[in-house]
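Presented below is the structure to which this report refers.
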Amino acid sequence: MKRFVIGFLMFFLLMSSSMAIEVRVNFGKFNLPEEPVVMNSRILVPLKAIAEIFDAEVLWDPHRVVTIKHNGNEIIFPIGSMTAYVNREERALDSPAILKNSTTMVPLKFLEEFIDAKIEWHDPQAIVNIVLEKEELIQRAESVSRSYAPRSLYPNAVNKVVVVDAGHGGSEVGANYGGIYEKDLNLSIAQYVKAELEKNGVRVYMTRNSDVTTSLASRTTLANSVNADLFVSVHNNAIVGKPSVQGTEVLYKESVINRKGVTSKSLASTIQEKVSSLAGTYNKGIINRTNLYVLNRTNMPSVIVEVAYMTNASDLNKLKNRKFHEDAGRAIAIGVLESLQSMKG
Ligand SMILES: [Zn+2]
């Protein structure tokens with residue numbers, strides 16, 4: 001039992017410093033249900049995917065022991081243990097088998113002697129290459145890899161164009177409260193919006209990506225010239241003398257602009273709901289505003305997200321935390337992605 005516990009402790013310590021390893025088959029990309037991990041200088045991969053290539057039988061028992069049967073051999077890995085049992089004989093391991101998100105991860109090199117493959121390590125690129133020769137195995141590996149290919153939750157968002165506008169910048173600091181400039185909060189959150197959108201295949205243009213003074217005209221000109229599908233401006237709010245006012249509001253302008261079923265108002269509603277629920281801000285609702293430059297000059301659905309109130313102590317506390325920027329940025333992006341996904345045609 002003690003050994004088991006130590007094994008797990010080591011796992012968590014090493015996981016934090018794990019490097020990005022790529023697994024390939026005959027140098028072609030091989031998709032896995034979980035990313036490989038490095039432990040005690042050994043590379044652990046999801047057993048399931050490897051077993052599928054070689055048509056090996058995998059048995060789980062409730063005492064956290066996994067058994068593999070293949071080509072007349074039986075290999076038993078007690079999870080977290082430095083000992084495996086091959087045909088009932090003890091074998092020392094350099095790294096134990098572990099569980100990662102409920103997936104059994106086993107040291108790949110240890111399996112080499114039992115499977116019809118060579119395992120090669122290519123150091124500079126951090127690639128593990130599984131060399132297969134039999135046509136049958138190559139074909140099965142291709143089908144296994146296909147079954148684990150990442151699927152976007154928003155396939156309709158791929159290659160759509162979104163302009164992300166970080167409000168203010170440079171000499172225009174925006175609201176200035178508690179020693180914090182709004183322009184810096186806006187850029188930080190906007191960069192998380194960009195990252196999440198790009199992860200989902202959206203083509204993103206930033207009106208600014210650093211602390212530079214940027215005219216309102218150049219922001220809307222960019223959006224119109226790239227024919228963006230959507231325009232999202234990121235700001236934070238302040239109302240001096242009313243410290244109790246807090247939360248998120250999304251500003252839009254009621255108009256006839258309609259991009260394949262998405263309007264400024266529908267975009268505002270979707271983002272408003274996502275930010276308040278996913279980033280945990282008070283939901284102040286959406287507001288129709290007719291006098292705001294960027295909402296008036298863009299030819300596509302456009303919104304201004306006022307993430308939180310710098311003049312409210314609770315909101316300001318959130319805004320001082322980078323994790324909140326990430327949560328808010330991701331929430332805005334999810335609202336955008338859902339809107340892109342709903343576009344017809
Ligand atoms: Zn602002």
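Computed from phi, the 3J(HN,Hα) profile of segment 216-225 under the Karplus parametrisation 6.51, -1.76, 1.60 (θ = phi - 60°) reads 5, 4, 5, 5, 6, 4, 4, 4, 6, 6 Hz, with x in place of Gly and Pro.
For segment 229-286, applying the loop criterion from DSSP together with a ceiling of 14 other beta carbons within 10 Å to the GluC sites (Glu not before Pro) yields Glu254. Phi angles across segment 298-315 convert, under the Karplus curve 6.51 cos²θ - 1.76 cosθ + 1.60 with θ = phi - 60°, into 3J(HN,Hα) values of 8, 8, 10, x, 9, 9, 10, 8, 9, 5, 7, 9, 5, 8, 9, 4, 5, 5 Hz, Gly and Pro given as x. Relative to the 2.2 N^0.38 Å rule of thumb, segment 15-147 has a C-alpha radius of gyration ratio of 0.99. If the viscosity is 0.890 mPa s and the temperature 25 °C, what translational diffusion coefficient in µm²/s does Stokes-Einstein give for the chain when Rh comes from Kirkwood over Cα pairs? Rounded to a whole number, D works out at 105 µm²/s. In terms of distances greater than 19 angstrom between alpha carbons, the cross-link table entries Lys274/Lys318; Lys160/Lys260; Lys183/Lys323; Lys194/Lys253; Lys183/Lys265; Lys29/Lys100 yield Lys194/Lys253; Lys183/Lys265; Lys29/Lys100.
What would the Debye equation give as log₁₀ I(q)/I(0) for segment 145-257 at q = 0.10, 0.12, 0.17, 0.18 Å⁻¹, counting only Cα atoms as equal point scatterers? Values, matching the q order: -0.38, -0.52, -0.91, -0.99.
Of the candidates Ala56, Ala308, Ala279, which one comes out as most mobile in a Gaussian network treatment of the chain with C-alpha springs shorter than 10 Å? For the chain, modelled as a Gaussian network with Cα springs under 10 Å, the answer is Ala56. Restricting the trypsin sites (Lys or Arg not before Pro) of segment 121-182 to loop positions (DSSP other than H, G, I, E, B) with no more than 14 neighbouring Cβ atoms within 10 Å leaves Lys134, Arg151.
Thr290 sits among other residues whose Cβ lies under 14 Å from its own Cβ, and their net charge, with Lys and Arg +1 and Asp and Glu -1, is +3.
Computed per residue of the chain from DSSP H runs no shorter than four, each worth -39500 (n - 2.57), the mean residue ellipticity at 222 nm is -10000 deg cm²/dmol.
Identify which of Ile189, Ile53, Ile304 has the largest mean-square fluctuation in a Gaussian network model of the chain, with springs joining Cα atoms closer than 10 Å. Among Ile189, Ile53, Ile304, the largest mean-square fluctuation in the Gaussian network model of the chain belongs to Ile53.
Taking Lys and Arg as +1 and Asp and Glu as -1, the other residues whose beta-carbon sits under 11 Å from that of Asp229 total +4.
Length available on full extension from Asn31 to Arg91: 0.36 nm per residue minus the Cα-Cα distance, which gives 18.7 nm. Normalised by 2.2 N^0.38 Å, where N is the number of residues, the alpha-carbon radius of gyration of segment 191-303 equals 1.09.
A short reminder: the numbers here are calculations on the coordinates, not readings from a lab. In this text, all values refer to a predicted model and were calculated from it rather than measured experimentally. Virtual Cβ from ideal backbone geometry, glycine too; neighbours counted across all protein chains shown.
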